[in-house]
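**Q** Before I ask anything, here is the structure I am working with.
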Amino acid sequence: MKPASSSHAPLLSVVVIGRNEGERLSRCLQSVQAMRGLAGVVETIYVDSNSRDNSVALARACGAKVLEVKPERPSAALGRNAGWREAQGEYVLFLDGDTVLHGDFVAQSLAEFSDPKVAVVWGHRREIHPEQSLFNRVLDLDWIYPPGPSEFCGGDAIMRRSVLEEVDGFDAGLIAGEEPELCQRMRAKGYAILHVDRPMTGHDLAMTGWPAYWRRAFRAGYAYADVSDRLKDGPFPLWLREARRNRVHALTLLALPLLAVFAGLALGSWWPPAMAAMLLGALAIRTALKVRWKAHDQPLTLMLYGIHSHLQQIPICFGQFAWMRDRRSRQKRPLIEYK
């Protein structure tokens, strides 16, 4: 793989975004350099969102072109827009700075663009260290989607630069959920988002505690509300049903234990709390069985994932309510970070 030069237009531009990634960024950029099976010139661009560590110096040491963005409110959308607009490649591979690229993914996936309607190709992202915490272990299953045409992609994906230009890139007003929103605008123009059944990236979630878990889910809720509101009148509305269902789900989860405790005290019986606990357990088991295709040989992980699927509804709901409050007060929320 050759570095980009001014005399050769690259086939591929790799845009890596990051903020205070440190050594994770070095690992990411080294994995880009280690790509296999790709002939021609590759351009690597690192977009830094006002890091306070040595990320910029590390990126330069790895040979990446560095762009520094210092907006009032940093976001992934702003970083990705700065990167692809600087890029020269026909295709743009977006990566987060805490990921590691699989060496064969790009070479195996560029052929998917032989269909002119395919605008985005993305593969499997998995956690690098699921054994480091229960959070890593459970959230690893969140990355698993069935292959085939999809409604949206995640942060790691290959996109046609011409389609990015056609839809004017990511919505810089979003602090989360920018990829799904972008994909709906692409789909509205007749393009397809393709999820392929091959490894793409390893991800370093590095989540070890409840506060980070809460903030991550809170951010997801904020994105649910924001993106669903923006797309509600378009040809491809997204997350409207999920946002409404989340609010009902979360309020039920909060109300059920309280009602059970009050009923138990009023009746002088432990049966109401026990019945509530059994119902919540049954819901977790039901979810675990529905998603057993994700990890059929890991029953404990599936059970934990079933609990997570319901537990996360509470911070997601709080995130939605925060977006509603911000909209009413016309406030702009700063970047929601969980690391």
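Each value in this text was obtained by applying a stated rule to the coordinates, not by laboratory testing. All of these numbers come straight from a predicted model, not from anything done at the bench. A quick note on method: Cβ atoms are made from the backbone with ideal geometry, for glycine too, and the neighbour counts reach across all protein chains shown.
**Q** For segment 134-251, rounded, prolate or oblate, judged on the Cα gyration tensor with a ≥ b ≥ c (square roots of eigenvalues), a/c < 1.5 rounded, else prolate if a/b > b/c?
**A** Cα axes put segment 134-251 in the oblate bin.
**Q** Which FRET efficiency, nearest 0.05, do R241 and R60 yield, Cβ-Cβ r, R0 41 Å?
**A** 0.35
**Q** Okay, next question. Put +1 on the Cβ of each Lys and Arg and -1 on the Cβ of each Asp and Glu in the chain; which of G234, P10, G202 then has its Cα farthest toward the positive end of the dipole?
**A** Of the options given, the answer is G234.
**Q** A further question follows. Mind running the shape call on segment 230-339? Use the C-alpha gyration tensor, a ≥ b ≥ c as the square roots of the eigenvalues: rounded below 1.5 for a/c, prolate if a/b tops b/c, oblate otherwise.
**A** Taking the square roots of the gyration eigenvalues as a ≥ b ≥ c, segment 230-339 is oblate.
**Q** How charged is the neighbourhood of R333? Take every other residue with its Cβ under 13 Å from the Cβ of R333, and add Lys/Arg as +1 and Asp/Glu as -1.
**A** Once all neighbours under 13 Å are counted, the net charge is +4.
**Q** Give me the net charge for the shell around L67: Cβ to Cβ below 10 angstrom, other residues only, Lys and Arg +1, Asp and Glu -1.
**A** That works out to -1.
**Q** Taking other Cβ within 10 Å of each residue's Cβ, how do K117, K294 sort, fewest first?
**A** Listing K117, K294 from fewest to most nearby Cβ atoms yields K117, K294.
**Q** What angle do you read, to the nearest 10 degrees and between 0 and 90, between the alpha-carbon axis of helix 178-188 and the longest principal axis of the chain?
**A** 70 degrees
**Q** Note the angle between two axes, namely the Cα long axis of helix 76-86 and the longest principal axis of the Cα atoms of the chain, as a number of degrees from 0 to 90, rounded to the nearest 10.
**A** With rounding to tens, the tilt is 10 degrees.
**Q** Which loop-located GluC sites (Glu not before Pro) does segment 50-150 contain, where loop means any DSSP state but H, G, I, E or B and the Cβ has at most 14 other Cβ atoms within 10 Å?
**A** E72
**Q** With Cβ to Cβ distances under 11 Å as the rule, what net charge do the other residues near L141 carry (K, R +1; D, E -1)?
**A** +1
**Q** Need one word for segment 85-129: rounded, prolate or oblate. Basis is the Cα gyration tensor (sqrt eigenvalues a ≥ b ≥ c); a/c below 1.5 gives rounded, then a/b vs b/c decides.
**A** Verdict is oblate for segment 85-129.
**Q** What FRET efficiency, computed as 1/(1 + (r/R0)^6) with R0 = 45 Å and r the Cβ-Cβ distance, is obtained for K339 and A111, rounded to the nearest 0.05?
**A** For K339 and A111, the calculated efficiency is 0.80.
**Q** Give the residue list of trypsin sites (Lys or Arg not before Pro) in segment 24-69 that are DSSP loop and have at most 16 other beta-carbon atoms within 10 angstrom.
**A** Within segment 24-69, the qualifying trypsin sites (Lys or Arg not before Pro) (loop, at most 16 other Cβ atoms within 10 Å) are R36, R52.
**Q** Arrange M324, M278 by Cβ neighbour counts within 10 Å, fewest through most, would you?
**A** Least crowded to most crowded, the residues run M278, M324.
**Q** How much length is gained on full extension from A282 to R126, taking 0.36 nm per residue of separation minus their Cα-Cα distance?
**A** The A282-R126 span can extend by a further 53.4 nm.
**Q** While we're here: Using only Cα atoms, find the angle between the long axis of helix 210-231 and the longest principal axis of the chain, and express it within 0 to 90 degrees, rounded to the nearest 10.
**A** Here the helix axis deviates by roughly 70 degrees.
**Q** For Kirkwood radius over Cα pairs in Å, which listed value, (i) 20.4; (ii) 21.9; (iii) 21.4, comes from the coordinates shown?
**A** (iii)
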